[in-house]
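Visitor: Handing you this structure, nothing more for now.
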Amino acid sequence: MNPRRTFLTGMPGSGKSTTGKLISREWGIDFIDLDDQIEAACGMHVTQIFSEKGEDYFRRKEAEVLRQVVVRYPTSVIACGGGTPCFYNNIEVMQTSGAIIYIEVDPAEIFKRLEKEGKEKRPLLKEHSGEELIKLLSDKLKNRVPYYERARHIIAATGKSPEMVAEEILRSF
């Protein structure tokens with residue numbers, strides 16, 4: 001059995017999209033990547049939105065698109081951007097609209113994952129590397145944890161593959 005709507009939260013590189021696709025396939029429901037929806041609404045990539053219009057514009061558009069997705073997809077797994085729960089009361093929208101799952105990964109592992117996959121699609125991280133990136137990730141995580149921890153379920157995902165995380169989530173429901 002699956003919940004009506006499930007939001008996946010966590011830092012960039014935590015595996016939200018990959019895990020979300022696995023879960024939605026198992027449940028036979030829609031998978032929605034919020035960043036993809038924002039890109040479609042704006043007609044440009046997230047990195048382009050950040051560079052041309054700024055983070056505040058992006059966050060306002062993110063909040064607008066989140067609310068549209070909630071209305072449009074009543075049964076879905078939604079992979080949220082890393083900052084989604086932290087702005088414009090999005091966490092409250094998510095809490096009242098479905099189950100929130102926080103995929104918790106420590107900054108050192110996120111760093112390794114981002115270095116491996118490339119940071120080009122991560123507008124808040126792409127200009128940083130090495131120790132500077134680890135510090136930035138740690139600082140962002142520290143600021144976001146109070147929002148992430150408002151999730152119904154917290155999945156410790158450090159050292160686990162997306163398949164392992166998906167299995168753990170599926171067992172939780």
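The values are calculated or read from the model by the stated rules, or taken from the named source; none is laboratory data. Please read these numbers as outputs of a predicted model, since none were measured by experiment. For neighbour counting, all protein chains shown are included, and Cβ atoms are generated from backbone atoms with ideal geometry for every residue, glycine included.
Visitor: I'm told Glu132 meets every condition in (1) acidic (Asp, Glu); (2) farther than 16 Å from Phe7 by Cα; (3) at pLDDT 90 or above except one. Can you identify the failing condition by its number?
Guide: Going through (1) acidic (Asp, Glu); (2) farther than 16 Å from Phe7 by Cα; (3) at pLDDT 90 or above one by one, Glu132 breaks only (3).
Visitor: Then there's this: Which residue out of Lys61, Lys21, Lys16, Lys53 is buried (at least 16 other Cβ atoms within 10 Å of the Cβ), out of contact with any strand residue (DSSP E or B) (no Cβ under 6 Å at 6 or more places or on another chain) and at pLDDT 95 or above?
Guide: Values: Lys21 fails: out of contact with any strand residue (DSSP E or B) (no Cβ under 6 Å at 6 or more places or on another chain); Lys16 fails: out of contact with any strand residue (DSSP E or B) (no Cβ under 6 Å at 6 or more places or on another chain); Lys53 fails: buried (at least 16 other Cβ atoms within 10 Å of the Cβ).
Exactly one of Lys61, Lys21, Lys16, Lys53 is buried (at least 16 other Cβ atoms within 10 Å of the Cβ), out of contact with any strand residue (DSSP E or B) (no Cβ under 6 Å at 6 or more places or on another chain) and at pLDDT 95 or above, namely Lys61.
Visitor: Determine whether Ser97 is hydroxyl-bearing (Ser, Thr, Tyr) and at pLDDT below 95.
Guide: In short, no.
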